[in-house]
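Peer 1: Dumping the structure here so I can ask a few things about it.
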Amino acid sequence: MNMKKISKYIALLLLAIIAVSCSDNDNWTIVTDIQPGVYVTGDATVYSNEAPASALRVLQLDGNSDGFPEILGMYTWLKASGSFDISIVTELNNSVKYGKGEETANEGAVKTYALQQDGPSFNVATDGIYYVVVNTALKEINILPVALGVIGAATPNGWNGETPLNAVTFDESSLTATWTGNLNISPGEYKFRYGGDWGYAIDYDTSTEAKLFTDMGVAGENMAPLTDGGFSDLKPGGKNITTEIGGEFQFTVKYEVRTRKFSATYKVIGEPILPPDIELPSRMHAIGSPFDWSWDNAKSLTPVHGFAGAEGSPGTLKSMYWMVQYFNAEDEIKFNFNKDWDGNEFGYPAISDEAIAFAEITDGGGNIKVGKAGWYIVTVTTTYNDDETGLVHSVDFYAPNIYLIGNTLGQWETVPEGLFTVPATADGEFVSPAFVAADALRIHIKLEGIDWWKTEFNIFNGKIEYRGNGGDQDAVTVAAGQKAYLKFSDGTGEIK
């Protein structure tokens, strides 16, 4: 064996020994064969060659938990002082390098380029964690900077925008990125988010978009709090995080490059703020002339998912319920969280000024008297004021906008193109647009500041069933060209 071959063999052996000794899982073992896949490598990264650790993986997408095999990605640390390339391996050891081609989109901090074989290497403007996503079918790369913040009802900005955490730092010895930050939190729900929006849409093919998660929540089916002093797993698109206490929270969010896992914790600085010992309504019912003024015929409203009061929801200081209802002119209604005339019923004093103008509402001796006939979405919100007011109810009337969303519409945004037609009569049917693809049906109403899936519902065995406070509903698969028909007067529905 000549000296050149001996030197090469020794170098490979040393690299393998070093990799095994400093790694904590098999993904960081140097391999001599390059398996088919998509890889990121370069001196801007922690990856020196194509190996399992540098391989991109199929992603869970918003609205598509299985993902598309052509769309792969990973969160990883990138340095501004270096550069990186994408390798696509279609067969064993046949690696083709791709660099920067034409810029195909420029959405603020997010960069999207065509992949060009042997093109110039990619680079980033600042050190940080980035979400690198490659579409192998379109030969396109998306590079999303991950500047985390905290968003939610419990945060200073509510659900309107994230409060930023400090700039990320990176420990090269443990390959761990860390975000920290202090902010005042109220009892309620929150998540971590970046990018200023709920997800980021990329092209799947020339006519279809895929949506990347840009929010981080608790892993698992049940909503759960973070832990004080111990780390809890987070995952993109996970459940809202809840806290029963308020105060100044010191957050720490970590991402381990080796394991590809996010985790987070908090510490309360100073004394925690405890919520008052108050129980919000666990149900809501409507009674009135449309229901023959009988509690036996009263209509139960649907809880907005995750709001207080409904069974299984966290103990925040706000509950919210909704219904779709037809009113004749001069109809009158009231509400109560008990099916009883127990003194807790409420009506006209709770109606909002906007609802009065929209539905031409007047005071019917304490009842809500509807002046303009037609279909409405009605919401009832209960909050708690820590003064002498106690529980405060607010009733709103909105246009009866029912939306189709998801792959059967061709996009995951609430848009006018997804609107159902509204019937003119009390026993008429709401009709969806024709489905553009065979896929899972998703239907919802849209309330300001609330995620669409918190007010979704579907058709099962000819009946309209609401998600309410339950988990994700079973998939209802439909065919392209079909439509959904909803009859709220009797709670039935069809797909045909």
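Peer 1: From largest accessible area down, sort Thr425, Thr492; use a 1.4 Å probe on the protein chains. Walk me through the intermediate numbers first.
Peer 2: Working: Thr425 70, Thr492 35 Å².
Largest accessible area first, the residues go Thr425, Thr492.
Peer 1: What is the local net charge at Gln250, summed over the other residues whose Cβ is closer than 12 Å to its Cβ (Lys, Arg +1; Asp, Glu -1)?
Peer 2: Values: positive: Lys267; negative: Asp228, Glu248.
Neighbour charge sum, excluding Gln250 itself: -1.
Peer 1: Still on this structure: Describe numerically, in nm with one decimal, the distance between label points set 7 Å from Cα along Cα→Cβ at Ser174 and at Ala137.
Peer 2: 4.0 nm
Peer 1: Could you sort Asp33, Asp474 by their accessible area in this structure, using a 1.4 Å probe and putting the largest first? Don't skip to the answer; put the middle values down first.
Peer 2: Working: Asp33 70, Asp474 120 Å².
Greatest to least solvent exposure: Asp474, Asp33.
Peer 1: Which cross-chain or sequence-distant (5 or more) residues have an amide H under 5 Å from the amide H of Thr214, H modelled 1.01 Å from N in plane?
Peer 2: Here the answer is Gly199, Tyr200, since their amide H atoms fall under 5 Å of that of Thr214.
Peer 1: With the contact rule set at Cα under 8 Å and sequence spacing of 6 or more, what percent relative contact order holds for the range 149-257? All intermediate terms of the calculation are to be shown ahead of the outcome.
Peer 2: On the way: 235 pairs, mean separation 31.7, N = 109.
Relative contact order, the range 149-257: 29 percent.
Peer 1: If you don't mind, another one. Just grab the label-to-label distance for Lys446 and Asn93, each label 7 Å out from Cα along the Cβ direction, in nm (one decimal).
Peer 2: It works out to 5.5 nm between the two label points.
Peer 1: Here's another thing I want to ask about it. Could I have the simple spin-label model distance between Lys339 and Ser352, label points 7 Å from Cα toward Cβ, reported in nm to one decimal?
Peer 2: Result for the modelled spin labels: 2.9 nm.
Peer 1: If DNA, RNA and ligands are ignored and the probe is 1.4 Å, what is the ranking of Tyr466, Tyr75 by accessible area, most exposed first? Mind showing how you got there, number by number?
Peer 2: Details: Tyr466 85, Tyr75 15 Å².
The ranking, largest first, comes out as Tyr466, Tyr75.
Peer 1: While we're here: If you average the sequence gap of Cα pairs under 8 Å that are 6 or more apart and divide by the length of the chain, what percent do you get for the contact order?
Peer 2: Details: 1208 pairs, mean separation 38.2, N = 496.
It comes to 8 percent, rounded to a whole number.
Peer 1: Something else: Take the cross-link list Lys239/Lys483; Lys299/Lys463; Lys211/Lys299; Lys339/Lys496 and give me the ones stretching past 27 Å between alpha-carbons. Spell out each step's value before the answer.
Peer 2: Numbers: Lys239/Lys483 31 Å; Lys299/Lys463 16 Å; Lys211/Lys299 37 Å; Lys339/Lys496 37 Å.
Cα-Cα > 27 Å for Lys239/Lys483; Lys211/Lys299; Lys339/Lys496; rest within.
Peer 1: While we're looking at this one, here's another question. For Arg260 and Ser489, calculate 0.36 nm times their separation in residues minus their Cα-Cα distance, and state this gained length in nm to one decimal. All intermediate terms of the calculation are to be shown ahead of the outcome.
Peer 2: Values: separation 229, 0.36 × 229 = 82.44 nm, distance 4.94 nm.
Full-extension gain reported as 77.5 nm.
Peer 1: Taking only the alpha-carbon atoms of the range 391-496, what semi-axes of the equivalent ellipsoid follow from 5 times the gyration tensor eigenvalues under a square root, in whole Å, largest first? List each step's numbers first, then the result.
Peer 2: Values: eigenvalues 92, 55, 42 Å².
The three semi-axes for the range 391-496 are 21, 17, 14 Å.
Peer 1: Here's another thing I want to ask about it. Quick one: how many Å² of Lys372 are accessible to a 1.4 Å probe, rounded to 10?
Peer 2: Per-residue accessible area (Lys372): approximately 80 Å².
Peer 1: In the range 155-262, what is the volume of the convex hull around the alpha carbon atoms, normalised per residue and reported in Å³? Numbers along the way, then the final one.
Peer 2: On the way: hull volume 14.3 nm³, N = 108.
Convex hull volume per residue, Cα atoms: 132 Å³.
Peer 1: Ok, one more. Do me a favour and compute the ellipsoid semi-axes for the range 88-241 from its Cα gyration tensor, root of five times each eigenvalue, largest one first, whole Å.
Peer 2: Working: eigenvalues 212, 62, 49 Å².
They are 33, 18, 16 Å, listed from largest to smallest.
Peer 1: How much area per residue is accessible in the chain when the probe is 1.4 Å and only protein heavy atoms are counted (Å²)?
Peer 2: Details: 22660 Å² over 496 residues.
Here the per-residue accessible area is 46 Å².
Peer 1: Ok, one more. When the gyration tensor of the range 353-440 is built from Cα positions, what are the square roots of 5 times its three eigenvalues, in whole Å, from largest to smallest?
Peer 2: Values: eigenvalues 223, 76, 16 Å².
They are 33, 20, 9 Å, listed from largest to smallest.
Peer 1: Between 0 and 90 degrees, rounded to the nearest ten: what's the tilt of helix 3-22 against the longest Cα principal axis of the chain?
Peer 2: So the inclination is approximately 30 degrees.
Peer 1: Ok, one more. Give the long-range amide H neighbours of Phe488: residues separated by 5 or more places, or on another chain, with amide H under 5 Å away, using H modelled in the peptide plane at 1.01 Å from N.
Peer 2: Phe430
Peer 1: Of all the Cα-Cα pairs you can form in the range 332-378, what percent are over 14 Å apart?
Peer 2: Details: 523 of 1081 pairs.
Result: 48 percent of Cα pairs exceed 14 Å.
Peer 1: Now, a different point. What is the mean projected area of the alpha carbon convex hull for the range 79-126, to one decimal in square nanometres? Walk me through the numbers before you get to the answer.
Peer 2: Values: hull surface 15.8 nm².
Over all viewing directions, the range 79-126 projects a mean Cα-hull area of 3.9 nm².
Peer 1: Can you give the accessible area of Lys254, probe radius 1.4 Å, in Å² rounded to 10?
Peer 2: 70 Å²
Peer 1: Want the number for Val392 to Ala480: 0.36 nm per residue separation, take away the alpha-carbon distance, what's left? All intermediate terms of the calculation are to be shown ahead of the outcome.
Peer 2: Values: separation 88, 0.36 × 88 = 31.68 nm, distance 4.59 nm.
Taking Val392 through Ala480 to full extension adds about 27.1 nm, to one decimal.
The values are calculated or read from the model by the stated rules, or taken from the named source; none is laboratory data. Here the structure is a predicted model, which means the values were calculated and not measured. As a convention, Cβ positions derive from the backbone with ideal geometry for all residues, glycine included, and neighbour counts pool all protein chains shown. Just the protein is used for accessible areas: all its heavy atoms, side chains included, with ligands, DNA and RNA removed. Shrake-Rupley method; radii C 1.70, N 1.55, O 1.52, S 1.80 Å.
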